[in-house]
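The values are calculated or read from the model by the stated rules, or taken from the named source; none is laboratory data. In this text, all values refer to a predicted model and were calculated from it rather than measured experimentally. Because the Cβ atoms are built from the backbone with ideal geometry, glycine has one as well, and the counts that use them run over all protein chains shown.
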Ligand code: KG4
């Protein structure tokens with residue numbers, strides 16, 4: 001089954017062609033990062049306009065790169081929530097027009113379910129059930145993946161997402177947007193014990209998290225140093241920060257997997273590209289005797305192949321949308 005899939009929830013426009021879920025024929029991605037970097041963050045209006053400008057060409061290019069014709073397509077899948085509403089609308093409307101003009105089914109896909117499905121592409125042997133930590137720019141959640149389409153959030157951030165926290169830290173340090181990878185890079189030469197940073201604990205909800213206190217602590221350290229004209233050890237601040245984020249995520253995930261009786265742990269989303277988090281998970285999973293699944297960097301960030309993969313399983317579960325499909329800024333899993 002050939003699916004054209006579309007992703008436009010934030011600042012990447014992507015169109016992929018996948019076969020039977022897990023085989024990626026092509027994944028065309030246009031990153032808008034350069035358009036937003038001058039503003040230090042994503043400007044929703046600019047994001048929507050840029051999606052409109054490139055989406056048709058990307059789709060044409062995807063069909064050519066896959067070596068197929070439009071008539072070979074069996075369905076179109078689209079990431080319809082959550083995301084920047086104007087941006088998501090562009091993808092949803094484009095997908096509707098593809099479905100209508102080719103007379104093929106339209107499959108709505110939750111963006112975070114797509115991130116989780118990136119693991120199916122990277123690891124052909126992976127099947128539910130398993131526990132997945134989904135960490136991206138807008139979401140941080142622990143998901144009990146009971147089946148391909150049957151998922152339950154067991155823990156989540158109460159405020160900022162982990163990625164947002166990386167981006168704010170980068171911003172206050174004057175690093176370019178998107179900042180996560182720059183913080184990651186700097187932290188490699190820093191001392192992760194130099195700065196003492198807070199770790200959140202939410203009374204009565206051991207699997208929920210909070211990152212806003214950590215973010216504020218970093219901002220205060222930077223501002224204090226500026227006000228006192230003191231030199232800041234940026235590398236060590238990045239390393240201490242990355243350690244604090246990782247220590248919020250990794251032990252919680254391992255403890256929850258133990259509680260749920262899972263020996264399979266997956267990680268997904270843009271922040272899963274972080275080297276400290278990957279390494280800490282590797283060590284912790286090995287100690288726990290659990291199998292660990294983290295996609296390669298190319299499948300951690302937003303892409304359309306993951307939407308096509310999840311779209312396939314949604315299709316098998318009978319999920320379809322009509323031409324009244326809407327886009328949503330927020331949506332439960
Ligand atoms: O999944 P994603 O591409 O978009 C969303 O769906 O949100 O995630 C983007 C987030 C950004 O916050 C970005 O700074 C972060 O992932 N990120 C990283 C790294 N690479 C990307 N954060 C930490 N370390 C990295 N190496």
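Okay, here's what the table says:
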item: Top-ranked residue of region 250-273 - restricted to ones that are closer than 19 Å to residue 188 by Cα and in contact with a strand residue (DSSP E or B) (Cβ under 8 Å, 6 or more places away or on another chain), ranked as farthest from the ligand (Cβ to nearest atom); result: 272
item: Residue match in region 317-324 (condition: crowded, with 18+ Cβ neighbours inside 10 Å and outside the structural domain of residue 51 (by TED's automatic domain parsing)); result: yes
item: Which listed residue, of 34, 72, is surrounded by fewer than 22 Cβ atoms within 10 Å (Cβ to Cβ), in contact with a helix residue (DSSP H, G or I) (Cβ under 9 Å, 6 or more places away or on another chain) and over 12 Å from residue 5 (Cβ atoms); result: 72
item: So residue 285, is it outside the structural domain of residue 102 (by TED's automatic domain parsing), surrounded by 22 or more Cβ atoms within 10 Å (Cβ to Cβ) and out of contact with any helix residue (DSSP H, G or I) (no Cβ under 6 Å at 6 or more places or on another chain); result: yes
item: Among (1) under 30 Å from residue 128 (Cα atoms); (2) part of a loop (DSSP other than H, G, I, E, B) - the single one residue 253 does not satisfy; result: (2)
item: Verdict on residue 278 being away from the ligand (no atom under 16 Å from the Cβ) and either in the same structural domain as residue 170 (by TED's automatic domain parsing) or modelled with pLDDT under 95 (or both); result: no
